Each structure stands twice: as C-alpha cells, then as structure tokens.
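Okay, so here's the structure we're looking at.
The values are calculated or read from the model by the stated rules, or taken from the named source; none is laboratory data. Quick caveat, the model's predicted, so the values are computed rather than measured. Ideal geometry is used to build each Cβ from the backbone, glycine not excepted, and the neighbour counts take in all protein chains shown.
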Amino acid sequence: MPEYSYGIWRNWEISLQLPFAAEQDHVRTNGYRGELQYVAPHDEDQGWYSGVNVELGNLARNGEPRVVNVEIIPIIGLRLDRWHFAANPGIGRPLNGPARKVVFEPAAKVAYRVFGSNYFGFEYYLEAGPIQHWLPSEQRSQVLYLVWDGRFGKSDISLGLGHGMTEASDRWVLKAALEF
C-alpha cells in the first residue's frame, strides 16, 4: 500500500493511502484512504506515548462492494529498554451500504530491539465485528504477523509475513513499508 504522508504541524501529519491486492492472476487497486494523525510530544527512546489517527476511506476488498468508511484509532505505546509495546483499539463505521454499525478493529504490537534500530516482533490485527454483538470467533478476521522494523540509511523499513488465524482471514499476507 503506497502511502504519502506530510507533516503539517509539529506532531501532526496527513496522508493518502492507496491499497492494492493481488489475487491469483491479477493485481487491482482497492480504493483510497485519507488520514489525519496526531502523536503527543514524548521521549522517542523511552516511556509512554499516545495519539489518535482519524481515517476516511473509499475501499473495496476483492469480490466485495465499495464502502465509504470512517475510523478512529487511538494510539497507545510504551518503549521500555529494548521493548516496544503498542495498542491501537480502533473503531470504524461504514457510511454507506447495509451494515452501518460501529465495528471494533483493534491491533497490537510487541517488538524487541535486537541491535541498533532493528526490532523483531509480532503484530496482531482483529476485525471483531459490531461493538454491540461481536462476530462468532470463526467469522472474525485475525492475522498474526512476524515483523522486522529497521533502518537502511535514512529510511525506515518494516517487513512482515502474516498468517490468518481463522477461515474468515486472509491466508497469507506480505506487509512491506518503506519510509523515506
């Protein structure tokens, strides 16, 4: 997913994301998503940090109808010595289509700094369904990634290999992010 981000003020950024997916013999765009993010001033190497991310998207997964969606994603993190913990207890709501209920879509990360700026860890993403009535566990999308975060020159790199944990999940997912 290419993403263009721009710092608009100290600790604030806007971005445009262009997700795409490969399915057997073709690659296609899945729409677009705009984002506004704020992260409060904090020590970059140690301690707690927090913020919020607000996204508005016009997306369609392969084989599904296009949905305009809004998401609010709190950002909560802790850096403790070589460890990095983060939680994003996000909620979203479709603005069109028949299913206009608020859904719970949390994510979490735990990583360990092995050397320099190189972290290895796990990221977990859950699509639990409507807040009032979560989907049965077999219908929830749950993906667990093995990830590496590091630096190459002045660029940040994140690579992850994810595996779906339920039938409702994508089977395998390759995640790659390059920030320069």
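Conditions tested, residue by residue: (1) surrounded by fewer than 16 Cβ atoms within 10 Å (Cβ to Cβ); (2) within 22 Å of residue 69 (Cα to Cα).
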| position | (1), (2) |
| --- | --- |
| 125 | no, yes |
| 128 | no, yes |
| 135 | no, yes |
| 141 | no, yes |
| 149 | no, no |
| 157 | no, no |
| 161 | yes, no |
* Structure fact -> When the stretch 66-87 is checked residue by residue, the ones that are in contact with a Lys or Arg (Cβ under 7 Å, 6 or more places away or on another chain) and in a loop (DSSP other than H, G, I, E, B) are 82
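Residues of the stretch 20-42 being more than 27 Å from residue 117 (Cα to Cα), surrounded by 13 or more Cβ atoms within 10 Å (Cβ to Cβ) and either charged (D, E, K, R) or touching a Lys or Arg at 6+ places or on another chain (Cβ under 9 Å) (or both), which ones?
Initially, the stretch 20-42 is screened for residues more than 27 Å from residue 117 (Cα to Cα), giving 20-34.
In the following step, the residues that additionally are surrounded by 13 or more Cβ atoms within 10 Å (Cβ to Cβ) were identified as 21, 30-34.
If the condition is that a residue be more than 27 Å from residue 117 (Cα to Cα), surrounded by 13 or more Cβ atoms within 10 Å (Cβ to Cβ) and either charged (D, E, K, R) or touching a Lys or Arg at 6+ places or on another chain (Cβ under 9 Å) (or both), then 21, 30, 31, 33 are the ones that fit.
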* Structure fact -> For the stretch 43-65, the count of residues that are surrounded by 14 or more Cβ atoms within 10 Å (Cβ to Cβ) and either basic (Lys, Arg) or touching a Lys or Arg at 6+ places or on another chain (Cβ under 9 Å) (or both) equals 8
* **Close pairs (8 angstrom Cβ cut-off, 6 or more residues apart or separate chains): in the same structural domain as residue 41 (by TED's automatic domain parsing) and closer than 12 Å to residue 37 by Cβ in the stretch 1-21, not acidic (Asp, Glu) and not in a strand (DSSP E or B) anywhere** => 3/18; 11/40; 11/41; 17/1; 17/2
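Which residues, taken from the stretch 4-43, are of a type in the set (Ser, Thr, Tyr) and closer than 17 Å to residue 74 by Cβ?
Going residue by residue through the stretch 4-43, those that are of a type in the set (Ser, Thr, Tyr) are 4-6, 15, 29, 32, 38.
38 - this is the single residue of the stretch 4-43 that is of a type in the set (Ser, Thr, Tyr) and closer than 17 Å to residue 74 by Cβ.
Among 15, 5, which is part of a strand (DSSP E or B), among the polar types (S, T, N, Q) and exposed (fewer than 14 other Cβ atoms within 10 Å of the Cβ)?
Details: 15 fails: exposed (fewer than 14 other Cβ atoms within 10 Å of the Cβ).
5 is the lone residue from the list that is part of a strand (DSSP E or B), among the polar types (S, T, N, Q) and exposed (fewer than 14 other Cβ atoms within 10 Å of the Cβ).
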* **Matching residues in the stretch 99-117 - criterion: being farther than 20 Å from residue 142 by Cα and either surrounded by 15 or more Cβ atoms within 10 Å (Cβ to Cβ) or of a type in the set (Ser, Thr, Tyr) (or both)** => 112, 113, 117
* Asked: Quick check: anything in the stretch 19-30 outside any strand (DSSP E or B) and under 13 Å from the mean Cα position of the chain (by Cα)?
  -> yes
